[in-house]
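As structure tokens, the structure follows; a few thoughts come after it.
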Amino acid sequence: MHEKDGRDYLIEELREQVNRKTVECERLTRERDEYLYHLEETRKSFSYKLGMALTALPRKIRKQGN
């Protein structure tokens, strides 16, 4: 059997790091997608649209003042 040297341990460690980063990247992608979904659903909601309509004039006045 082949005896492991320093290079083999380094390659093994780097593969483990890549695997951990890949898992973390996938988790962050799922989390981002979930947040985007919730944001889209919020923007589609009646209460959000009503709030935006009620505050449209004050926001426009404030924007003119700046």
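What nm value, rounded to one decimal, do you get for the distance between His2 and Asp33 when each label is placed 7 Å out toward the C-beta?
A separation of 3.6 nm, rounded to one decimal place.
Which of rounded, prolate or oblate describes the chain when judged by the alpha-carbon gyration tensor and an a/c cut-off of 1.5? Before the final figure, lay out the partial values.
On the way: a/c = 13.97, a/b = 3.57, b/c = 3.91.
Oblate, since a/c reaches 1.5 and b/c is not below a/b.
Of Leu36, Val23, Ile11, which is farthest on the positive side of the dipole of the chain, counting Cα position, with +1 on Lys and Arg Cβ, -1 on Asp and Glu Cβ, and the Cα centre as origin?
Towards the positive end, the residue furthest out is Leu36.
A short reminder: the numbers here are calculations on the coordinates, not readings from a lab. Predicted model, so just to flag it, every value in this text is computed and none were measured. Every residue, glycine among them, receives a Cβ derived from its backbone with ideal geometry; neighbour counts consider all protein chains shown.
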